[in-house]
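Here is the structure we will look at, set down as C-alpha cells.
Nothing in this text is a laboratory measurement; each read-out follows from the coordinates by a stated rule. Computed from a predicted model, the values in this text were never measured in an experiment. So basically every Cβ, Gly included, is an ideal-geometry build from the backbone, and we count neighbours across all protein chains shown.
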Amino acid sequence: VFQLMSDNRKVNAKSVSAGLGIMLLLFITFHISAKDKRHTLFFKSLTEIADTPKPVTDTTPRKIRPDTTLLKDSSLTDSTFLDSTKQKIDTLTISKDSLDAPIEYAAEDSGVLMMQTKEFILYGKANVKSKDADLTAATIRYDQQTQIIKAYGGIDTSNNPLSKPTIVQNGATAVSDTIIFNTRNQKGITKNVFYNENDMFVNAEKVKKIEKDISYAYRARFTTCNLDTPHFDFRARRVKFITNKLAVTGPAQPEFEGVPIPIVLPFGLFPLNAGRHSGVLPPQFTSNQSYGLGLEGLGYYKVVNDYLDVTVRGNIYSYGGYSVDISPKYYKRYKYNGGLTLSVQNTKILNNGSYAVSKDEFTSTKGIFITWNHSQDSKARPGTSFSASVRAGSTKFNQYVPNNTYRNFENQLSSSISYSKTWKQGKYNLSLAANHDQNNNLRLINIRLPTVNFSATTIYPFQRKEQIGTPKWYEKLGISYTGTFLNQFSFYDTAFSFKRLLDTAQFGAQHTVPISISLPPLGPLLFSPSISYGERWYGQKIEATWNEKTRRVDTSIHKGFFTAREVSFGMSMNTRIFGTYNFGKNSSIVAIRHEVKPFISMNYKPDLVSKYYQNVQIDTVPTHLVKRSVFDGGVMGSYSQGTFGGVSFGIDNLLEM
C-alpha cells in the first residue's frame, strides 16, 4: 500500500481508505491465527468503535505525500492498540453494590431472587460462605444494595429449635437466635448468642461486632468450661473481646455451679491467645461424706519453653486433707516425648458407719505416687532406643483417691524402663532394664534393678580376612556369647528400712558360650560337632536342715560369691538321597522325584553340679527325703542334676510329581 502511495502521489481518500482497510484485515487475520489473549481486548475496542456513529467522509481530492517517518516509526505496532485498550478498560466503572469476592451458597428447600429489591432469600438449612465467614441457618436473607445478611432460626412441628444461626469467622464460632452481618465492613450483631473463641465460652444477650477483630458483649457470662451448665463462670454487664488477644470486662462476679459468690472483681483481663500460654486453672466445688467440702483442680499451667510445660493442681478439703499433683510434659519433634506426674497425698478422712478403719474420729495417711511415660522416635538415633512406663507409689495411695472407683481397687502395679543399643549391624546387642511390680493388697514390692543383657552373634576367630583358595576346616569354627546380669530386692512398705533392703538383695549372672563347627563332607555325609558351656554366678546360697528339737526344716542363708557350671557335647550327622524318574513323551506325568533326608544326633552332659544338691528330711519320718539345690530360690535358678546321654534320629521324605 505504501509502495502504491509512493508511485502514485495523487490518490483520493477512497484509495487510502481501501488500503488501510486491507492492512487492518491482514492484521486482524494474523492475530486471529495467533490466538493471543492480548488481542481479544483489541477486538473489543474495534467493536466499540463500530458501535460509535461514523463521521462524514470528505471525498475532495487532496495531494498526499508519503511520510517517511511513518515507515520508520516502530510505535505503530499492536502495543499501541494494547496501551489504548488498557486505558479503556481502566475507565470502566464498577457498581457500588457489587461484591469484592465470590459467595458460595446452598439451601435444602429453595432460593428466591427478588429482582426489584435486589434481595436473595435461602430457605431450609441454608449455608452461605464468603471469603472469611461461614454462615448456616434455617433462613438467610441477603440484600445486595446494603450487603447485609440476616439469618434466622426456625422451629419444627414440635416447637423445638431448628437450625439456629451459626457463624464461624476468624476461628470464633457463634450460635444465636438472630444474626445480622455486613459483608462489606465485617460488622454485625447477634442476639442470645453462645460464642466460642479458642478456650473461652460466652453466653450473652447481645454481641456486637464493630470491627474485624473487635466485639462487644452485653450481659455476658463467660467461662472456660464447655458444659451447658458450667462448673464456674464470671458474669459481667459489658465485655470487650479482641480476637486472639484479650477479653476485658468491667465489674465481674464469679459463680460456681450457678451459685453467685459475694465477691465482685472491679475489672477482668482474660488472655485469648491462640496456642499454649500460662494461666490459672480454676477449681470446682465438691462435697464428700468422708473428706468434707472441698475445692478440686485448683492450679496453674506454666509454659516453660517450646518443648516443656508444667501443670500444678491441688485439692483441699474441709476436714484437713489435701493433695498436690505436679505434671511436667515435654515434646521435641522427631526426637522424644513424654510426661511425668508426681502426686503427694495427705489424707484425713472421717471414720463413720461400718467402714470405719479405727476408733479415732479421723484417719490420717500420707502417700506418694509417680507416673512417667517416655518414648523416643525410632529415627532419632538409629541403633539406640529408650522408653519408660512407670506407675509406682505407696501401696495405700490408690485406696484414698476420692471419686475414682477404678483406682481404689487397682492392686497390681508394674513399671519398666529399658535402653538398648546395637553395634556393627546387629553383631553386638546390649540392653539395660529396670522393672518393678507391687501388690497393694499384700503391700509387697519387688524391684529388679538393673537387668543387663548382652549378646554377640557367631564370630569365626580363625577365619582369614581375605579368602584365598579352599577354606580350611578349622576356619568354620564359630563362637557366640549370651550374658545376663540381674539384681533384685523385695520389701514390705510397712517395714521398710535400708538395712532390710540390703538383706533382701539378690544378684546373679549367667553366661552361655556355644561353640559349633562344620566339618568337611565325608562323602555324602555331613558331620557337625558342637559344645556348649554355661556358667552361673550367685550372691547367696540357702542350706536346709531338719531340726529334731523344733521338728521343722531350718534354713540358713549364706551371703557371698558362688558359681556353678554346665557343659554339654553334641554330634549330628545328616545326608540327602534323591532320585528322579522321567516318564515318556506320551505320558501326562512328566517325572516323579523322591528325596530322603536321614539324620541322627547324639548328646552328652556330665554331672558337674551334684555337689550343690542335698537330701533334706521334711518330717519326722527319716526316710521322707527331698533332694534340693542350695541355689534354689535364687534369681537365676539352678542347673539340673545328673548325667544325661541321648540319641535322636529320624527320616524326612519328600515326594514330588
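Worth pointing out:
- Shown in residue order for the stretch 572-580 are the 3J(HN,Hα) couplings computed by the Karplus curve 6.51 cos²θ - 1.76 cosθ + 1.60 at θ = phi - 60°: 10, 9, 8, 8, 9, 10, 8, x, 10 Hz (x for Gly and Pro).
- Filtered chymotrypsin sites (Phe, Trp or Tyr not before Pro), the stretch 235-314: DSSP coil and at most 11 other beta carbons within 10 Å: F267
- Taking the C-alpha atoms of the stretch 522-657, convex hull volume expressed per residue in Å³: 170 Å³
- Of every Cα-Cα pair in the stretch 240-372, the percent that sits beyond 18 Å: 69 percent
- Per-q log10 I(q)/I(0), the stretch 187-250, q = 0.21, 0.25, 0.30 Å⁻¹ (Debye; single scatterer per alpha-carbon; no solvent): -0.78, -1.11, -1.50
- Here the mean projected area of the convex hull built on the C-alpha positions of the stretch 341-421 is 6.8 nm².
- Each Lys or Arg adds one and each Asp or Glu takes one away; over the other residues whose Cβ falls under 12 Å from the Cβ of W372, this sums to +2.
- Taking 0.36 nm per residue of separation and subtracting the current Cα-Cα distance, fully stretching the chain between S587 and L281 would add 101.4 nm.
- S394 sits among other residues whose Cβ lies under 14 Å from its own Cβ, and their net charge, with Lys and Arg +1 and Asp and Glu -1, is +3.
- Overall dimensions of the stretch 550-604 by Cα: Rg and Dmax, Å: 29.6, 92
- Rounded to two decimals, the Cα radius of gyration of the stretch 212-303 over 2.2 N^0.38 Å is 1.20.
- Prolate/oblate/rounded label for the stretch 264-338 (Cα gyration tensor, a/c 1.5): oblate
- For H558, net neighbour charge (Lys/Arg +1, Asp/Glu -1) across residues whose Cβ lies under 9 Å away: +1
- The stretch 133-208 pair-distance distribution - Cα-Cα, 10 Å bins, rounded %: 20, 52, 25, 4
- Interatomic Cα distance distribution for the stretch 310-354, bins of 10 angstrom, percent: 23, 33, 23, 14, 6, 2
- Pairs of alpha carbons in the stretch 442-599 whose separation is greater than 27 Å (percent): 60 percent
- Coordinate range along principal axes, alpha carbons of the stretch 408-496, Å, largest first: 73, 20, 17
- Both numbers refer to the Cα atoms of the stretch 134-281; Rg and Dmax are 16.0, 51 Å.
- Derived scalar couplings ³J(HN,Hα) [the stretch 611-627; Karplus, 6.51 cos²θ - 1.76 cosθ + 1.60; whole Hz; x for Gly, Pro]: 5, 8, 9, 9, 8, 10, 6, 10, 8, 6, 7, x, 7, 7, 10, 10, 8
- Of interest is the spacing of the C-alpha centroids, which for the stretch 94-168 and the stretch 521-539 amounts to 86 Å.
- Three-way shape call for the stretch 489-578 based on the alpha-carbon gyration tensor, with the a/c threshold at 1.5: prolate
- Computed 3J(HN,Hα) for the stretch 484-494, one whole-Hz value per residue from the Karplus formula 6.51 cos²θ - 1.76 cosθ + 1.60 where θ = phi - 60°, is 9, 10, 9, 10, 9, 9, 10, 7, 9, 5, 6, glycine and proline marked x.
- Less than 5 angstrom separates the built amide H of K187 from those of N182, all sequence-distant by 5 or more or on a different chain.
- Sorted largest first, extent of the stretch 291-433 alpha carbons per principal axis (Å): 67, 33, 19
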